[in-house]
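**Student:** I'd like to ask some things about the structure below.
The values are calculated or read from the model by the stated rules, or taken from the named source; none is laboratory data. The shown structure was predicted, so the numbers you read here are calculated from the model rather than taken from an experiment. Here Cβ is always computed from backbone atoms with ideal geometry, including for glycine, and neighbour counts include all displayed protein chains. Protein only, heavy atoms only, side chains kept; ligands, DNA and RNA dropped before computing areas. Shrake-Rupley method; radii C 1.70, N 1.55, O 1.52, S 1.80 Å.
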Amino acid sequence: MISRSLFRYTTICLTALLLGACHTLVRESVPGEWVEIPSGSALRLHQPIQIPPGRTRAYLAAGRATTTGTSCVIEVRRLDPDQRQTIQAGRYGITRVQDYMALVSSVDRPSGADGQVRFQLASQGDSGGSQMVRFGYHFWLDARQDPNLMRLTCLGRHDAPASTRPPTLVEIQAVLGDLATLELAGAAAMPGS
């Protein structure tokens with residue numbers, strides 16, 4: 001017999017896989033329409049972004065604080081342990097959008113004689129409630145302008161799967177603030193920008 005938490009975890013993973021095979025739709029706002037990011041859309045960086053040494057991502061949080069817990073990171077392919085990396089300002093085409101689900105983990109501090117750090121999926125309460133997740137999107141960026149630049153990832157707040165949702169375009173733009181703009185092909189202006 002399959003435990004209830006294993007069944008939930010398997011269901012979430014299978015749903016994410018099936019959704020990944022379909023066209024990804026992003027909600028404009030709440031309430032609002034679900035839209036497909038059209039071909040020719042782009043991420044415009046208004047200023048250079050610095051990636052610290054030993055990291056492959058930089059958090060973009062120059063915009064207004066959101067009550068939804070939305071966050072975005074820009075990611076590169078190469079890890080440079082010694083020097084910071086710079087992503088130049090410019091327009092980077094979005095080649096595809098992918099649904100993404102992040103399982104939130106917690107660190108179990110060493111307490112035994114072995115002194116090993118253990119990780120487990122974060123859950124609500126001490127009794128092993130449902131796992132905490134964050135739903136969001138990978139915006140894959142065209143590598144022709146900068147082969148090291150990989151993607152923009154934006155996530156909604158972490159919570160139980162039934163209580164959270166991916167961020168909307170308006171929430172993403174609020175986080176990007178003056179640092180960057182999502183430019184949707186054929187649209188006059190990004191909602192909320």
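**Student:** Starting from region 30-47, keep only residues that are in a loop (DSSP other than H, G, I, E, B) and loosely packed, with under 13 Cβ neighbours inside 10 Å, then list their pairs with residues that are among the small types (Gly, Ala, Ser) and modelled with pLDDT under 95 whose Cβ atoms are within a distance under 7 Å, requiring at least 6 positions of separation or different chains.
**Tutor:** That search, which allows pairs on different chains as well, returns Pro38/Ala185; Pro38/Gly186; Ser39/Ala185; Gly40/Ala185.
**Student:** Against the condition at pLDDT below 80, open to solvent by less than 80 Å² (accessible area, probe 1.4 Å) and not in a helix (DSSP H, G or I), how does Thr10 come out, does it pass?
**Tutor:** So Thr10 fails the test.
**Student:** Another one. Does region 117-165 hold any residues that are buried (at least 20 other Cβ atoms within 10 Å of the Cβ), of a type in the set (Lys, Arg) and modelled with pLDDT of 90 or more, and which are they?
**Tutor:** Passing the criteria: only Arg151.
**Student:** Within region 58-84, restricting attention to residues that are open to solvent by less than 20 Å² (accessible area, probe 1.4 Å) and at pLDDT 90 or above, which residue is nearest to Val30 (Cα to Cα)? Can you show your working first?
**Tutor:** As a first pass, look at region 58-84 and keep what is open to solvent by less than 20 Å² (accessible area, probe 1.4 Å): 58, 60, 70, 72-76.
Add one more test, that the residue is at pLDDT 90 or above, and what stays is 58, 72-76.
Values: Ala58: 27, Cys72: 19, Val73: 22, Ile74: 24, Glu75: 27, Val76: 31 Å.
Out of the qualifying residues, it is Cys72.
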